[in-house]
Amino acid sequence: MKSAHYYIPGLFCLVCVLSHVTEGLAARRQQTSASDGVSGMNVLLIIVDDLRTSLGCYGDSIVKSPNIDQLASHSVLFTNAYAQQAVCAPSRVSFLTGRRPSTTRLFDFNSYWRVHAGNYSTLPQYFKEHGYVTMSVGKVFHPGISSNHSDDYPYSWSVRPYHPSSEKYENTKTCKGKDGQLHANLVCPVDVSEVPEGTLPDIQSTEEAIRLLKTVRQQNSSFFLAVGYHKPHIPFRFPKEFLKLYPIKSISLAPDPDIPKNLPSVAYNPWADIRKREDVQALNISFPYGPIPPHFQRLIRQSYYASVSYLDSQVGQLLNTVENLGLAKDTIVVLASDHGWSLGEHGEWAKYSNFDVATRVPMMFYVPGMTVTKRTQQKIFTYIDPLNMEATWKPPGKINDNPVELVSLYSTIAELAQLPRLPDCPVPSFHVDLCTEGRSLLPYFTTSEEETAETVAYSSYPRPSDTPQWNSDLPDLKDIRIMGYSLRTRDYRLTLWVGYNPETFETNFTDIHAQELYLVKTDPNQDNNVFNASVHYDFAWKFFGHTLK
C-alpha cells in the first residue's frame, strides 16, 4: 500500500500536523493570484445520510430547510443526481474512490476495497498528497470493515477521524413510549437534555467541525474537511421541538402508496430494517408487503421531515461558522447525500432499490469566484433557525437538470480546486491506483444545458432471489444471485435484473430475470412499468451489454 504523506507515527495531534504543512501551504497561497480563480481553495464536503430531495430548494413545499436552501441559492444545484447504489457503504466507497461498485466490488458492508479490489486512492487522500490537511468528522466513510475499521486512516486523513461519543446510543432504548418506558423505536423524538450524555451525534459533529475550522483558520492552513451527518437516517431520533413544524394533521401519505401492478417482485424491497424497531413490531405487519397502517405512515413521514429540519439547523450553524471565520471567500462547499429514502412510495419504506426515490440525491456546489462572483457587505451564510424562520425562500443559484452521478464528486472537486486532473480509468482498472470512472461536472458550471451532450446516470442493486425474503434489502456478497442494473436519462429509467455470480463477479446478461421501463415525463413516480421484452430487449442490451459487464 501507499504510505501516507503526513502520517507521523505516535503523533496524532492536529496542531502538530498543521505545523508540519503550514509553511509550504502559506508559500503556495502567496503564489496564487486573483486570476487563478479557485486555485488553493479549501474544501468543506458535507455528506448527509439517507437524505432524499425533500428540500425547499428542490421544490418541496412542506419541508423547512432554510439553511440548505440558502447554500443552494449561491450554488450550482443538480436536480437529477444519482447514487450508484442505494445503500450507505457501497455508495460512499464509490464516490470517495471515484469508482463504481462493480469496480470496488463492494455491494454490502463486509469488505475493504484496498484488499478486496484494488489500492485505490481516495478523494481526501488526493488532497492530502497535494499538501492539504484532511479531516473527517462523523459518518463520512461507512464505519466498520468497509473502511478497515479506521475510516481509511491514515491513508485518507491527516488526523484520526472523529466520531461522536453519543453514536453508541442511536439504536438503544432511548425513545420514551406512551407507557413511559424507554424503547428502541423507529419514531423517536427526544428531549435532548434527557438522553445519554445530554446530546445527539449530529450536534457533537457540528461542534467538532466548528472547532476544527477555528483551528485551521488560526493556522492559515489549506484544508479538506468532510462532515458526515447521521440524520435523517433511521431511527428518527431528533429533538422533539422540530415536530411543531409538521402537525400530524397536515401530513399526507405518499402519492403512490400501493405496490405497482407491473412491478417485478425482484425489484421490491421489504424494508426489513425498520421491522426490527419495537414500535413497528408492535404493529404486527405481515411480511413482505405489509402494508403499514396509514396513521403510522404519517408518523414516519412527519418524523423524516422533522429530522431533515434538525439536520438543516446543524448545517446552518456549520456554514455560519465558515462565514464568521472569513472562510466563505476561499472555501468550496459541497453538499450531497449518499442516497435517497422511500417514504411509502411503491409501498416501500427504505432505500435498497433502483427507483428515483432511492437513488436520487441532492447535490450542490458553492464555489467562490464562480457560483458567487461578487461579495457585498451582506453575509452569504447567515444562520436561519428553522423553528423561527420567516418565509423568505430564495431560488437556487443555477440549476442543471442533466442526469449526473455521485461518482463524479471526486473528479469535480479536485478540478474545482485546480489539482492535477485525474486520468480516466481504463477497462479494467483494478491495477490502477489513481484514476476516475466519474466524469467531471465542471463543464456544467460554465455552459448551458443546451450546449452539453445528453448524459446517463447508472445505478445498480443486488438481490439474493427473485422474490422478497429477509435478506433482500442487504444480501451478503456470497448470497447475491441477481443484479439489477439501472440507467436514468432525462426521459426514462430502464432496469434489467440479470444473473450474477458472486464468486467471479460476473454478470450473465442472457439470464434475464425481470425488466422495467418507466417513461418519467408522463410517469414521474415510476408506477407504470411499460417494458415489453420483444420490443425493448435490443435497446436494453445496447446500454448494458458492454457497459456494465
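The values are calculated or read from the model by the stated rules, or taken from the named source; none is laboratory data. Remember, predicted model here, so these are calculated numbers, not experimental data. Don't worry about glycine lacking a Cβ; one is built from the backbone with ideal geometry, like all the others, and counts go over all protein chains shown. Please note that ligands, DNA and RNA were not included when accessible areas were found on the heavy atoms of the full protein model with its side chains. Shrake-Rupley method; radii C 1.70, N 1.55, O 1.52, S 1.80 Å.
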Name the single residue that is farthest from LEU311 (Cα to Cα) among those in segment 179-202 being over 27 Å from the mean Cα position of the chain (by Cα) and among the polar types (S, T, N, Q).
GLN181
Hey, THR172 of a type in the set (S, T, N, Q) and in a loop (DSSP other than H, G, I, E, B) or not
yes
Within segment 38-92, residues open to solvent by less than 10 Å² (accessible area, probe 1.4 Å), small (Gly, Ala, Ser), outside any helix (DSSP H, G or I) and more than 20 Å from PHE224 (Cβ to Cβ) come out as SER54, SER65, ALA81, ALA83, ALA86
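Can you tell me which residue is farthest from the chain's Cα centre (by Cα) among those in segment 149-165 that are over 22 Å from TYR126 (Cβ atoms) and surrounded by fewer than 20 Cβ atoms within 10 Å (Cβ to Cβ)? Give the steps one after another, and end with the answer.
If we filter segment 149-165 for residues that are over 22 Å from TYR126 (Cβ atoms), which is where we start, we get 149, 163-165.
Filter once more, keeping what is surrounded by fewer than 20 Cβ atoms within 10 Å (Cβ to Cβ): 149, 165.
On the way: HIS149: 20, SER165: 22 Å.
The qualifying residue farthest from the chain's Cα centre (by Cα) is SER165.
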Kindly evaluate VAL140 against the criterion of being farther than 25 Å from THR331 by Cα and either in contact with an Asp or Glu (Cβ under 7 Å, 6 or more places away or on another chain) or of a type in the set (Asp, Glu) (or both).
no
So how many residues does segment 259-281 have that are more than 21 Å from GLU516 (Cα to Cα), part of a loop (DSSP other than H, G, I, E, B) and in contact with a His (Cβ under 9 Å, 6 or more places away or on another chain)?
1
Are there any pairs with C-beta distances below 6 angstrom linking a residue in segment 235-260 that is among the hydrophobic types (A, V, I, L, M, F, W, C) to a residue that is open to solvent by 50 Å² or more (accessible area, probe 1.4 Å), with the two at least 6 apart or on different chains, and if so which?
LEU245/LYS64; ILE248/ARG298; ILE251/ARG298
Which is open to solvent by 10 Å² or more (accessible area, probe 1.4 Å), within 29 Å of SER408 (Cα to Cα) and among the hydrophobic types (A, V, I, L, M, F, W, C), of VAL192, VAL115, VAL140?
VAL115
Among strands (runs of 3 or more DSSP E) entirely inside segment 414-514, those with 1 or more residues being open to solvent by 20 Å² or more (accessible area, probe 1.4 Å) and free of Cβ contacts under 8 Å to residues at least 60 places away in the same chain are 492-501
Of all residues in segment 218-258, which are surrounded by 15 or more Cβ atoms within 10 Å (Cβ to Cβ), at pLDDT below 95 and not in a loop (DSSP other than H, G, I, E, B)?
GLN219
Could you say whether any residue in segment 485-503 is at positive phi and modelled with pLDDT of 95 or more?
no
